[in-house]
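The values are calculated or read from the model by the stated rules, or taken from the named source; none is laboratory data. Values in this document were obtained by computation on a predicted structure and should not be read as measured data. FYI the Cβ positions are ideal-geometry reconstructions off the backbone, even for glycines, and counts take in every protein chain you see. The accessibility values were calculated without ligands, DNA or RNA, using every heavy atom of the protein model including side chains. Shrake-Rupley method; radii C 1.70, N 1.55, O 1.52, S 1.80 Å.
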Amino acid sequence: MPVRYLCLSVAVLLMGFLSITPAQADCESCALRAGQFWTVVHKEVASTTPAMAAYLARNELAHGRAAQSTYFLTPDCGMSPTELSSVLDIAKSLNVHMTIFLMGLMLDRWPDQSRALVQRAVADGHELALHSYDHKSFVGMTREQIYDEVVRNWALLDWALGYHYPIRFIRMPFGARNDFIFQEVGALGVQSVFWDIDSLGWHDWASVPIVENQVVGKMRPGAIVVFHCSSSADRGALPLYVNKLRGMGYEPHLLSTLQPKPTEADAQAYARSPRAPRPLIVVVEPKPQRVTPGMKRVLAMLDADDSIVE
């Protein structure tokens, strides 16, 4: 791990205990919650070797590969406990397991409810991943800011569980990332995850039939599906497309089953391989799509066509 993080950790640890950011202004105990596990998370990320950091930076999970009819449900959650609770209820009723990308801020805003839900998610067989502290885009952030977003997010999940959780994955807010961000999160020992299928539920024009058709229509073996706990269209469509895909032979699995956790030997072998550097990748924050009169007619027809959701 670069020496820069040894000095940085002292400053950030003090910030975690002594300062309150604007987002935390109404919660004097927020920094103390994260601070309880800040040191153990820092020790974890600081143990990342240069070879492992380079491996993780160059190997984002953006496209699942599977010979069998498996896929991966990877919801982004953390806007409210109620929405996360609803998705956990749906998953339990379907007997499916997901890789849940969680924001840390929810644990500060609703600590008691959120703590119980995080514990329930693990008990139900889901795996946890990072989705930043407060959903700010990492593009344009400094190294110190990225460190804070990752470590604070992880420390709060540890606080909720009461022990250090072995997190492997992170999804950047908005899917916005570039080579600098890949390098920095890789140096913290976590692997970036993108997606094959965007459910589109985050759009204000999304409906249950649109989300269902989007996921089913684009499904292929190994697909990584992103949806959002905060979207009513996503929550409504989830049981519909899971059951329809089951009828087609598809079953969702945890993202960690896509590939084994890389070892130091894997990282060293990768460092010796003659692979060319990946080109720069930048995904900007999405802008709301304008709903044209034609789109309104299409959406109205989809909503009115009951055959789509049967």
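Quick test for you: out of Asp134, Asp158, Asp196, Asp179, pick the one residue that is among the acidic types (Asp, Glu), touching a residue at least 40 places away in the same chain (Cβ under 8 Å), touching a helix residue (DSSP H, G or I) at 6+ places or on another chain (Cβ under 6 Å) and open to solvent by 10 Å² or more (accessible area, probe 1.4 Å).
Going through Asp134, Asp158, Asp196, Asp179 in turn, the sole match is Asp134.
Would you call Thr82 out of contact with any Ser or Thr (no Cβ under 8 Å at 6 or more places or on another chain) and farther than 17 Å from Asp158 by Cα?
Criteria met by Thr82.
Identify all residues within segment 35-49 that are small (Gly, Ala, Ser), more than 23 Å from Asp108 (Cβ to Cβ) and open to solvent by less than 30 Å² (accessible area, probe 1.4 Å); write none if there are none.
Ala46
Do we find that Gly222 is more than 26 Å from Met79 (Cβ to Cβ), open to solvent by 30 Å² or more (accessible area, probe 1.4 Å) and assigned to a loop (DSSP other than H, G, I, E, B) in this structure?
When the stated conditions are applied, Gly222 does not pass them.
Considering only residues that are in a helix (DSSP H, G or I), open to solvent by 70 Å² or more (accessible area, probe 1.4 Å) and of a type outside the set (A, V, I, L, M, F, W, C), look in segment 1-34 and name the one that is modelled with the lowest pLDDT.
Result: Arg4.
Kindly evaluate Val190 against the criterion of being in contact with a Lys or Arg (Cβ under 9 Å, 6 or more places away or on another chain), under 21 Å from Pro50 (Cβ atoms) and open to solvent by less than 10 Å² (accessible area, probe 1.4 Å). Give the steps one after another, and end with the answer.
Numbers: in contact with a Lys or Arg (Cβ under 9 Å, 6 or more places away or on another chain): yes; under 21 Å from Pro50 (Cβ atoms): yes; open to solvent by less than 10 Å² (accessible area, probe 1.4 Å): yes.
Taking the combined requirement at face value, the residue satisfies it.
Sort out which residues of segment 137-150 are assigned to a helix (DSSP H, G or I) and either at positive phi or open to solvent by 30 Å² or more (accessible area, probe 1.4 Å) (or both), and write them in order of number.
Arg143, Glu144, Gln145
Select from segment 190-214 the residues that are in a loop (DSSP other than H, G, I, E, B) and over 15 Å from Leu61 (Cβ atoms) and list them in ascending order.
Taking segment 190-214 first, the residues in a loop (DSSP other than H, G, I, E, B) are 190, 194-196, 199-207.
Listed by number, the residues that qualify are Ser199, Leu200, Gly201, Trp202, His203, Asp204, Trp205, Ala206, Ser207.
Could you check segment 58-94 and list, in sequence order, the residues that are touching a residue at least 24 places away in the same chain (Cβ under 8 Å), of a type in the set (Asp, Glu) and either open to solvent by less than 10 Å² (accessible area, probe 1.4 Å) or outside any loop (DSSP other than H, G, I, E, B) (or both)?
Asp76, Glu83
Scan segment 95-112 residue by residue and report those that are surrounded by fewer than 16 Cβ atoms within 10 Å (Cβ to Cβ) and assigned to a helix (DSSP H, G or I).
Asp112, the sole residue that qualifies.
Looking at Thr49, Thr74, which one is of a type in the set (Val, Ile, Thr), modelled with pLDDT of 95 or more and more than 19 Å from Val226 (Cβ to Cβ)?
None of the other options fit; the residue is Thr49.
Considering only residues that are open to solvent by 30 Å² or more (accessible area, probe 1.4 Å) and part of a loop (DSSP other than H, G, I, E, B), look in segment 225-249 and name the one that is nearest to Phe174 (Cα to Cα).
Checking each candidate, the answer is Ser230.
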